[in-house]
Amino acid sequence: MGGEKIPQLNDKVDYQQWKREVEIWQYGTQAKMSQRAPRLVGAMEGKGRDAALLIPAAELGCETGVERLISELDKILLKDTTQDLFQAIGRFERYERSKNQSIDDYILEFDQLFKMITSIQGGIVPYGGGVKAFRLLKQANLSGDHQRIIRATVVTLTYENMVTAMKRTFGDGSGIEENSLQANPYLKEEPKAVKQEPVYYTEKESPQAKKKLSPSCSEDEKVLYVNRRNSSNRSKRSGRYKRSYSYNDNWIHRQPTGSGRGRSKPQT
């Protein structure tokens with residue numbers, strides 16, 4: 001026990017961190033329960049040591065000496081954790097997997113942020129298993145197809161089942177969007193066929209139409225103009241319009257009419 005490392009507490013050490021180290025130390029130490037609190041006091045400096053020395057030695061040297069020591073230190077060194085809790089929850093809920101981050105690394109960091117909230121709350125778990133599993137999937141920044149496949153493989157919504165499903169879906173462990181399609185054969189993309197049809201141009205265009213088609217027009221503009229001209233010609237043949245011409249055969253105007261197919265007399 002002479003070479004045992006005892007958690008050190010001074011004014012520069014975070015008190016919450018020291019308490020976690022003490023909790024772990026108690027599981028590994030071979031010191032008796034009545035010896036643990038005196039050993040901790042011997043490794044202290046600063047305000048913590050001053051507060052510990054005010055505790056009667058008989059209370060430190062009993063079976064509950066560590067609990068008595070920490071209870072007294074909490075009154076002096078324990079800060080208001082409300083703001084720390086706000087920041088920890090904010091970091092946790094804003095956290096999302098980056099595109100190039102592997103699923104394994106994402107789950108590890110997600111779990112660390114979650115445990116930080118639990119530690120600040122004194123061991124109280126902030127979310128239930130189902131909510132934690134839902135947030136793990138939501139914050140993984142996956143596509144809709146990937147999320148649907150993972151949901152289909154999870155029978156019971158628990159955090160452990162969600163972790164297993166995500167690691168099984170991204171078998172290579174990369175979790176990168178570009179490689180995930182190859183990792184999962186169910187997400188294989190098939191090439192999409194594009195239907196191509198020939199475009200025919202009419203030869204019965206009036207002189208006015210030919211003048212309006214500038215040589216600088218694109219092929220799409222020409223096709224659109226020809227389709228509009230053809231639609232207009234069908235309407236004229238069905239009697240929807242009445243056309244008037246002058247002697248030089250230049251189109252002057254057209255008027256909608258209720259019925260009839262005849263043309264008005266040329267104007268003099």
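The values are calculated or read from the model by the stated rules, or taken from the named source; none is laboratory data. Just so it is clear, the model here is predicted, and its values are computed rather than measured. Counting neighbours? That spans all protein chains shown, and the Cβs are built from the backbone with ideal geometry, glycine included. Surface areas here come from the heavy atoms of the whole protein model, side chains and all, with no ligands, DNA or RNA. Shrake-Rupley method; radii C 1.70, N 1.55, O 1.52, S 1.80 Å.
Points to keep in mind about this one:
- Scanning the range 23-38 for residues that are closer than 18 Å to ASP74 by Cα and either at pLDDT 95 or above or over 45 Å from the mean Cα position of the chain (by Cα) (or both) turns up ARG36, ALA37, PRO38.
- Enumeration of residues in the range 28-44 that are farther than 18 Å from ARG68 by Cα and either of a type in the set (Asp, Glu) or open to solvent by 30 Å² or more (accessible area, probe 1.4 Å) (or both): GLY28, GLN30
- Within the range 3-22, residues that are in a loop (DSSP other than H, G, I, E, B) sit with their Cβ atoms under 6 Å from residues that are open to solvent by less than 50 Å² (accessible area, probe 1.4 Å) and not charged (D, E, K, R), at 6+ positions apart or across chains, in these pairs: ILE6/ALA43; PRO7/TRP18; PRO7/VAL22; PRO7/TRP25; GLN8/ALA43; ASN10/GLY46; ASP11/GLY46.
- Subset of the range 49-107 (residues that are assigned to a helix (DSSP H, G or I), open to solvent by 60 Å² or more (accessible area, probe 1.4 Å) and of a type in the set (A, V, I, L, M)): ALA57, ALA58, ILE76
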